[in-house]
Each structure stands twice: as structure tokens, then as C-alpha cells.
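Below you'll find the structure, written out as C-alpha cells, and then a few comments.
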Amino acid sequence: MSADAEGPEPWEEQLLRAGPLTSQQLSLFLDKWGISKDVEQTFCRELRFAPEEIIRCLSSISGLSGSPVRAARAARDARSRRGEELRQMKGHLKRSWAKTIQELAEIEGVNQQEGIETPEIPVQESPVRDPSQSGQQQVRAGADLEDHSMARPAHMASGDEVTALMKARQWEKPEQWTMTVQHWVDIVGACTETPQYKSVMEQKKTVNMHDVCRLFVKPWSEGTGCSLAVLMSREVVCNAQLMVSHCWGEDVSETKESLLQHAVRHELPMTVPIWFCVFSNYQPEDGVGPKLEHQLALEPFASVIRNPSLKAANGGHGMVALHTTTDDLYSRLWCVHEVERAIVEEDVEIIASMSQKYIDLMVGRVEQFLGLGATLNDCFRAAGVQVQTAKARCSSKDDEEKLVKLILQQANGFDGLDKVVENFRREQLPDIIFEKLIRKGLTRLDGASTSARANAAVVFAACQAHGAGQLQHATTNPEVSERIRLAGLLGNDELRWQDIKVLDLEDLQMTLIRKGLLTLDGASTSARADAAIVFAACQMHGGGQLEHATNPEVRERISLALRRGNRFCDDKLRWQDLEVIDLEDLKLGQIFRLGVRTLAEDITQLRQNTKLSLALAGEGLGAKGCKTLFEAMAQLKQITDLSLDLKSNKLGFEGGQAVFEAIAQLKQITDLSLNLGDNDLGADGCQAVSEGIAQLKQITKLSLPLEDNGLGDESGQAVFEAIAQLKQITDLSLNFGDNHLGADGCQAVSEGIAQLKQITKLNLNLKRNGLGADGCQAVSEGIAQLKQITKLSLTLEDNNLGDESGQAVFEAIAQLKQITDLSLNLKRNNLGFEGGIAVSEGIAQLKQITDLNLNLAFNDLSADGGRAVSEGIAQLKQIADLSLTLEGNDLGDKGGQAVFEAIAQLKQITTLSLDLADNDLSADGGRAVSEGIAQLKQITTLSLNLADQDLSDSDDGMRPLHS
């Protein structure tokens with residue numbers, strides 16, 4: 001796109017409208033403009049008929065005529081330049097991937113130490129058509145795709161998965177309406193695979209963000225009350241670390257290219273939380289979520305830019321301004337405002353990222369001006385540096401007036417804004433433009449942008465054009481100038497930086513690799529077989545370099561020295577240190593993440609350690625890998641605190657046996673966290689694990705998740721018989737969710753728990769175990785014996801308990817006079833009205849409770865049951881933190897009113913989470929909710945879910961809740 005005031009030439013406009021040309025179409029076009037046959041043949045042979053490349057090459061020939069040699073050279077230069085840019089991107093991508101893996105490893109390590117589970121983000125790969133398919137096969141493949149045309153991205157929450165926390169988040173703190181870069185890619189990928197997207201592309205030759213919002217954003221988010229960003233990130237709340245400034249008229253594919261190029265060039269992990277207005281704002285205007293008017297009133301752009309997480313000092317990545325050929329970023333007033341605010345905000349880095357088409361048109365225009373003898377300022381005008389922000393518009397008249405007024409109130413008004421934006425645009429020009437200006441002698445390195453002064457090719461061009469003294473202005477790694485001097489290229493005007501980079505000198509390659517200027521995939525065949533060079537490449541660029549190594553033994557030894565498959569744990573490690581270590585010791589060192597140079601000392605030290613934490617969930621160890629791990633662990637006789645996450649490793653019975661054999665030898669253990677969830681242990685594997693745990697007589701704290709292992713009543717009995725032998729234990733967490741204990745298994749649970757009289761903290765999860773009334777009665781009797789307990793978390797969800805079982809649970813809890821912290825999950829248990837009364841009577845006796853989490857969702861309580869529960873809660877005068885879930889209980893207005901009348905009596909409460917979704921509340925019920933909340937003046941934290949209600953029949957309704 002030409003950037004001067006007069007717009008593109010007619011022949012440029014025709015080419016851009018036409019899109020990619022066939023050879024025949026190109027020939028006709030050149031004939032029309034009077035290009036000679038020899039030049040025409042050269043163009044048809046050298047180009048791939050992309051309009052931007054044709055424009056650049058034709059622009060290099062004065063008057064649309066010239067020799068075939070010049071035409072061929074221009075075409076080859078275009079291909080060479082593009083190839084070089086792609087090679088640079090490839091190198092950046094490898095370094096970005098390595099940095100992402102390292103950062104993720106560090107985060108997961110800290111999370112594991114703090115007991116925080118790191119959620120996995122699924123990545124959906126786009127289908128690729130096989131070019132070898134027949135036409136009919138491709139038609140069938142296309143039909144299959146159309147059947148799923150509106151499929152949502154894999155990780156996006158559905159309406160049923162939306163939580164109260166997610167909905168509440170959309171009403172405040174715009175800086176938290178974020179998703180990761182990978183989420184953004186997944187959304188766009190899902191859009192582009194649909195027939196709707198392809199249809200728009202066929203009709204318009206481009207798809208912009210207006211189309212994406214209409215076709216996908218609104219349908220996917222409608223009725224959820226959450227933006228796509230919140231639906232993708234779910235309950236993972238992160239402040240924006242990168243703001244994306246863009247205009248809605250931009251082409252989607254160019255937008256994606258620009259954003260990903262920015263991530264690659266600046267080595268941003270795909271997990272960085274970003275703010276992207278189309279996806280971050282709630283767009284449907286359906287009354288379920290906040291209106292755009294409400295969201296704009298929160299000043300989302302200013303909130304994001306001011307938020308500390310965006311600042312470099314806090315690890316933020318500032319703002320990226322995306323540029324595409326289909327719309328001018330600076331013609332939109334919101335975009336101009338965003339860029340200006342980010343520029344003046346302290347410590348917010350702002351960078352432009354341009355699509356290749358945008359760069360190509362800009363470079364082509366500058367080349368054309370240079371060929372005609374233009375001045376430096378004329379070239380900057382040709383590149384579109386100059387702007388007239390007063391001409392920028394908004395689609396909303398009110399927004400436009402608001403922003404114009406804001407700008408006019410600032411010093412120098414639009415003139416000052418023009419200057420700020422022009423300085424930014426000049427600073428963000430592609431490095432190749434400065435390289436061309438320098439080679440023409442129009443400027444020197446000290447007049448180039450910060451990026452250009454750090455670009456080796458630009459520095460090299462400056463040294464060629466103006467002498468080696470230009471190096472004093474370079475901000476590149478000092479080794480760049482050393483490399484130039486070593487190659488002796490400064491006096492040769494015909495050479496370019498790419499000529500130096502591909503020199504195949506063995507002695508230079510090791511130097512370049514060690515200085516970070518070369519990766520193994522660019523080295524010679526002999527270098528890729530050399531152990532020392534391969535090691536140096538992995539040291540500089542990460543373990544991914546091993547895929548280019550050709551010596552299998554070297555690959556194995558280096559891979560064992562890497563931690564998490566990517567980086568060496570010791571920066572001073574050398575190949576000569578590594579090659580003399582025994583392979584078995586290296587394997588042991590990798591299991592326990594030990595150093596390499598000091599491996600012998602570290603293994604000795606490990607045997608003396610008292611605390612060990614290993615996170616190996618989902619690593620596919622299997623029984624064999626588990627056995628290897630525990631054979632090593634069996635040597636650790638001093639361990640007293642062990643945390644081991646082996647979830648989803650397909651251990652089976654043999655793995656369970658390996659766990660038993662190792663743990664049974666660690667008699668000194670006092671604190672054990674062992675996650676064996678989802679491992680197909682079965683009864684025999686569980687029996688083996690239990691026998692091992694029973695040997696740990698000194699244990700005081702135990703966490704044992706065994707969910708989803710196909711355990712029956714015998715397995716439950718085995719576990720609790722083992723735990724019953726642990727007389728020192730005071731803190732116990734057991735997860736038997738999604739097994740098949742039944743009533744008999746719960747009898748064993750009861751008998752085991754009843755013997756643990758010293759227990760003060762108990763977390764017991766028996767979710768979906770088919771307990772029934774008898775099983776619940778047994779569990780309750782066991783818990784009632786724990787007179788010293790102060791904190792209890794009991795999950796009995798979806799066990800078909802009925803009203804009598806609910807009464808049994810609360811009669812048992814009522815006997816626990818020391819308890820102050822209670823979490824009880826009785827969701828989906830058919831308690832009914834009578835069960836609600838039992839809940840009320842039990843709770844009312846727990847006068848010492850200060851922290852209560854009670855989940856009674858989907859229990860058919862009705863208004864009377866809700867009232868009974870409320871009366872019980874009203875007795876807890878000392879309560880400070882209350883979480884009450886009554887979703888789907890048909891409470892009606894009377895039940896809702898009773899709940900809030902009860903809560904209004906709790907004068908000590910400061911934190912309240914209340915879920916009344918799907919309870920047939922009307923406007924009257926909404927008014928009661930509002931009046932009840934209004935009395936809780938001391939509340940500092942409130943989460944309220946009133947989804948699936950009709951609160952709109954009254955003039956006042958729930959209006960106070962939004963004020």
C-alpha cells in the first residue's frame with residue numbers, strides 16, 4: 001500500500017485489486033502497460049506472481065521499462081530478501097521455544113513448591129489437506145469440515161461451564177479480561193476452518209475483525225455473560241502483560257502473522273496473557289453480560305495500559321501495534337489514543353509489528369523514491385511516517401467526541417499528538433528501510449532506529465558506507481564487529497551480511513555458536529557430528545539442537561545432562577566434564593534433576609536430604625519407569641518430607657507394587673503427599689500401596705489422592721486398615737472420588753477414621769462412590785468420633801444420600817465442638833425439604849464456626865427447605881467467611897428472601913460467596929436480594945451468582961447490584 005498523500009499509481013491499484021496472478025494474467029497485464037517481451041519473460045520466469053513483488057520489481061525500473069537483467073535482478077533480490085527474513089524468523093522461533101520451555105519449567109517448579117496446580121492448555125492443531133488426495137476425496141474432506149464449521153475452540157468454556165467467578169470478572173477490572181497468545185491463535189484457527197469464514201474470503205478476498213465479531217465472537221459468547229477471553233482462560237485470572245492495539249478493518253490472516261511475528265521476534269511465551277479488544281470485551285449486547293456502554297465506562301484501554309503487569313519492570317511486555325494493508329491503524333481514533341497513552345505511560349514499551357505485505361509495500365515505495373533521487377524526509381513520507389491524527393475517526397459519534405475533547409485538552413492538541421505518533425512510526429520502521437537509506441548515504445547509524453542499530457545487517461551496511469567508526473553507534477552484541485573483522489569484509493562493497501553468515505569455516509563455527517550467532521541447523525555436516533560443537537549448540541540454544549546432531553551416542557549423553565529436555569543446569573559445564581561420567585550416573589542425575597559437573601557430590605548430598613518434591617504427572621512413566629524411579633528413591637534413607645505427583649502415568653498393579661517396595665523402606669517419613677490418581681491401580685495395586693504406607697509409623701501428615709483407579713469396597717478397607725495403624729497422624733487428606741467403594745467400603749472408612757482420635761484436620765473426598773444411605777451413615781459415625789478436629793472438608797457429592805442421610809451427616813458434625821472451619825459438599829443428593837431441616841438443626845449447633853463452605857446444589861430443597869437452611873446459618877453469629885451454594889433448588893422468591901434475611905444477621909461476615917442460580921427468582925426476589933446485601937456494610941469480598949432467573953419484571957429489580 002502506497003503511503004503518500006496521493007495514493008497508489010493506477011497500475012498498482014489494478015494489481016492489488018486483482019490479487020495473485022496466473023502467468024497468463026501477468027503476461028496480459030505487462031502487454032497492456034507496454035513492457036517489452038524480453039522483460040516480460042524474465043518476470044514470468046522469476047516471480048510467483050504476488051502483486052506486492054511485481055510492484056516492487058516494476059518500481060525499480062524507471063518508467064515501467066528496463067532491461068531483462070535489471071528485472072531479473074530485482075526479482076531475485078525480492079526472493080533473497082524474503083528468504084533471509086524467513087531464516088531469521090526460524091532462528092527467532094527456535095530461541096523463543098527454548099525460552100518458553102525454560103520459563104514454563106521455572107513456573108511449574110515454583111507452583112509445585114507452593115502446592116499450586118498448573119492447568120494444562122490444550123492446543124488445537126488445524127487440519128492439513130493432503131495434496132495427494134483426489135478431487136472427490138478433498139470434497140469429502142471439505143464436507144466433513146463443514147459439518148463442524150461452528151465448532152468452538154477446544155478449551156473454550158461452554159455456557160454450562162461458566163462459573164460465577166467468570167461472570168463477575170467481566171463486570172470489573174478490564175485488565176483481567178485476558179487470554180494467552182495460544183488462546184488467541186486457537187480462536188482464530190477455529191474461525192478460519194469454518195465454511196462461513198471461507199465464504200466471506202471468497203466474496204471479499206479478505207476477512208476482517210468486523211466479520212469475525214459478527215460470525216463467531218457474538219454467537220460463541222452469547223448468553224454466557226463472558227467475553228471469549230474469559231471463556232478461554234476460565235477461572236485463571238491474570239492481568240494483561242501485553243496489550244494488542246489494532247483496528248477492526250484489518251485482515252485476519254495479516255493480523256495473525258503480525259502478532260506471531262512479534263511473539264517470535266521478542267521471544268514471548270505462548271502463555272503470555274494478552275488484551276485484545278474484540279475478544280476481551282463482551283460483544284453480544286444480550287442483557288446476560290455487561291453492555292458495551294458499561295464496559296467502556298470502566299475505561300478498559302486506560303485500565304490495561306496503566307496496569308502494573310504491563311510494565312517492563314514487572315515482567316510485562318507493553319503494547320504491540322499491529323499494521324496490515326487492509327486498514328490504516330492511525331485512521332482510527334481509538335488506536336491513535338491507545339498508542340499515545342502507551343507512549344506517555346512510564347515504563348510501558350510499545351512496539352509496532354507489521355505484516356509482510358505491509359512491509360513489502362512500504363519498502364517498495366521507499367525504493368521507488370530512492371530511485372528517483374528523493375531526500376531523506378521525502379523517503380520518510382513515502383514510508384507513511386507522517387500522520388494527520390485529526391482525520392482519524394470512530395464508528396461511534398459519542399466515542400469520537402469524547403476522544404477529541406480529551407486530545408484537545410492536552411498540551412499542543414492534535415499537533416502534539418501528530419509529533420508523538422510520527423516519532424513512534426519512525427522508530428518502528430523496518431530495519432531494511434534504514435539499511436537502504438544508509439547505503440544511499442542519506443543517513444548514518446546514529447540516525448537509525450534503536451532496532452536498526454541492533455541489527456547486524458544494518459550495522460554492516462553502515463560500516464561499508466561510512467567506515468568502521470559507525471560501530472560506536474551499534475547496540476548489537478560486541479561480537480558482531482569482531483565477526484566482521486575476522487571475515488575481513490569491511491572493504492568489499494559487493495558483500496552483504498548474509499554472505500558472511502553462511503561462511504563454512506570449521507574454526508569460525510564454534511566461535512559463532514558460542515557467541516549465539518549460529519545454530520546447529522546452519523552448521524556444516526562435519527560440525528553436526530562433532531561432540532564439542534553439538535554440546536556448545538545445546539548450551540547456547542537449548543536441547544532442541546539435538547535434532548540436528550548426527551552422532552547417536554553424543555545425543556544420548558547430552559540429552560541425559562539436560563534438565564526437562566532443554567537446558568543444562570550448570571552454565572559452566574563443558575563437554576570434557578560430561579564425556580567421562582558413567583551413563584548410569586547420568587540417568588540417576590536426570591531423574592532427580594541433579595547437577596552434572598558435581599554429580600557424584602550431588603548424589604551423595606541427595607541421600608542426606610530430608611525433603612524431596614517431584615512433579616511427574618502425565619509423563620507416561622508406566623510400571624517400568626515407576627520402578628526405575630523408586631529404585632533410585634529407595635536409596636534416600638533420610639527423607640522425612642516427600643511430595644510426589646504421579647497422576648496419570650498408567651502405573652497399574654506393577655507400578656503400585658513398585659510404590660510399595662520403595663515407600664516401605666522410608667520409615668522415617670513424617671510428611672507424605674502421594675498423588676496416584678488415574679493410574680488403573682485396581683484392587684491389587686491399591687493393596688500394595690496401602691501396605692507400604694502402613695509401614696510409615698512416624699507419619700503426622702498424609703495426602704493420598706486415589707481418584708479414578710477402579711477401586712471397590714475391598715480397596716477402601718485396605719487403605720483405612722493401613723491408615724488406622726498411623727497413630728501419630730494429625731492431618732489427613734484422602735481422595736477416593738470416582739471409585740466404587742459402596743456401603744461396605746464406607747464401613748471400612750468409618751472404622752478406620754474412628755481410630756484416628758488424634759486427627760485435627762481431615763479432607764475426605766468420597767464423590768460419586770455409590771454410598772447410599774448405609775454408606776453415609778457409616779462415614780458419619782466414624783467422623784463423629786474425631787472430637788479434636790478443628791478443620792473438616794467432606795465431599796459426598798452425587799451419592800444418592802436422601803434426606804435421612806443428610807440428617808446423619810449433620811448429627812455427626814454437630815458433635816464436633818472444636819471445629820471452626822467446615823467445608824461440606826452434598827451436591828446432587830436428593831436431600832429434599834426434610835434434609836434441609838436436618839441441615840438447619842445440625843448447623844445451628846456449630847456456634848463456634850467462623851469459616852463455612854456449604855454446597856447443597858440440586859437437592860430439591862424448595863422454599864421451605866431453603867428457609868430451614870437459612871435459619872440454621874443465621875445462628876452462626878461468629879462466622880466471618882461464608883460460601884453457600886443453593887443452585888437449582890427451586891427456592892422461589894420466598895426461599896431467596898429467607899436466605900438474605902438470614903445472612904443479614906451475620907454481622908461479623910466479611911467474605912461472602914452465594915450461588916442462587918436457577919431458583920425461579922422474580923423481580924421481587926431480586927429486590928429481596930438487593931435489600932439483604934445492602935445491609936452487609938462490612939462485606940469486603942462478594943461473589944454472587946443469580947444466573948438463569950427472570951429479574952426484569954420490576955422497574956427497580958436488581959439495579960442496586962450494578963451501582
Tell me, which residue of the stretch 155-176 that is in contact with a helix residue (DSSP H, G or I) (Cβ under 9 Å, 6 or more places away or on another chain), in a helix (DSSP H, G or I) and charged (D, E, K, R) is surrounded by the fewest Cβ atoms within 10 Å (Cβ to Cβ)?
GLU161
Counted residues in the stretch 795-828 being over 34 Å from the mean Cα position of the chain (by Cα), within 12 Å of VAL839 (Cβ to Cβ) and assigned to a loop (DSSP other than H, G, I, E, B) come to 2
Any idea how many residues of the stretch 875-893 are out of contact with any strand residue (DSSP E or B) (no Cβ under 6 Å at 6 or more places or on another chain) and either surrounded by fewer than 20 Cβ atoms within 10 Å (Cβ to Cβ) or closer than 22 Å to GLU797 by Cα (or both)?
11
Counted residues, the stretch 659-689 - those being in contact with a strand residue (DSSP E or B) (Cβ under 8 Å, 6 or more places away or on another chain) and open to solvent by 20 Å² or more (accessible area, probe 1.4 Å):
4
Out of everything in the stretch 543-566 that is modelled with pLDDT under 85 and not in a helix (DSSP H, G or I), what residue ends up being nearest to VAL580 (Cα to Cα)?
LEU562
Return the pair list, or none, for Cβ contacts closer than 7 Å from residues in the stretch 791-805 that are touching a residue at least 60 places away in the same chain (Cβ under 8 Å) to residues that are outside any strand (DSSP E or B), at least 6 apart or on different chains.
none
Of ASN739, ASN763, which residue is touching a helix residue (DSSP H, G or I) at 6+ places or on another chain (Cβ under 8 Å) and among the polar types (S, T, N, Q)?
ASN739
Would you check which residues across the stretch 189-203 are touching a residue at least 12 places away in the same chain (Cβ under 8 Å) and either more than 24 Å from PRO290 (Cβ to Cβ) or open to solvent by 10 Å² or more (accessible area, probe 1.4 Å) (or both) and list them?
GLY189, ALA190, THR192, GLU193, THR194, PRO195, GLN196, TYR197, VAL200
Candidate set: the stretch 368-420, residues that are small (Gly, Ala, Ser) and at pLDDT below 80; chosen: the one nearest to SER449 (Cα to Cα)
GLY384
I'd like to verify a number: residues in the stretch 425-449 that are surrounded by fewer than 20 Cβ atoms within 10 Å (Cβ to Cβ) and touching a strand residue (DSSP E or B) at 6+ places or on another chain (Cβ under 8 Å), how many?
1
How about the stretch 764-800: which of its residues are farther than 19 Å from ASP744 by Cβ, touching an Asp or Glu at 6+ places or on another chain (Cβ under 8 Å) and open to solvent by 10 Å² or more (accessible area, probe 1.4 Å)?
THR790, LYS791
Scan the stretch 241-259 and give yes if some residue there is among the small types (Gly, Ala, Ser), open to solvent by 10 Å² or more (accessible area, probe 1.4 Å) and either closer than 27 Å to ARG425 by Cβ or not in a loop (DSSP other than H, G, I, E, B) (or both), otherwise no.
yes
If I ask for residues that are modelled with pLDDT of 85 or more and of a type in the set (Ser, Thr, Tyr), which ones from the stretch 685-729 would you list?
THR700, SER703
Go through GLU349, GLU345 for me and flag whichever is of a type outside the set (Gly, Ala, Ser), without any contact (Cβ under 8 Å) to a residue 60 or more places away in the chain, under 19 Å from LEU268 (Cα atoms) and open to solvent by 40 Å² or more (accessible area, probe 1.4 Å).
GLU349
Counting just the residues of the stretch 519-555 that are surrounded by 15 or more Cβ atoms within 10 Å (Cβ to Cβ) and among the charged types (D, E, K, R), which one comes out nearest to LEU586 (Cα to Cα)?
ARG555
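The values are calculated or read from the model by the stated rules, or taken from the named source; none is laboratory data. All values reported here derive from a predicted model rather than from experimental measurement. All Cβ positions, glycine included, derive from the backbone under ideal geometry; neighbour counts span all protein chains shown. Ligands, DNA and RNA are excluded from the accessible area calculation, which covers all protein heavy atoms including side chains. Shrake-Rupley method; radii C 1.70, N 1.55, O 1.52, S 1.80 Å.
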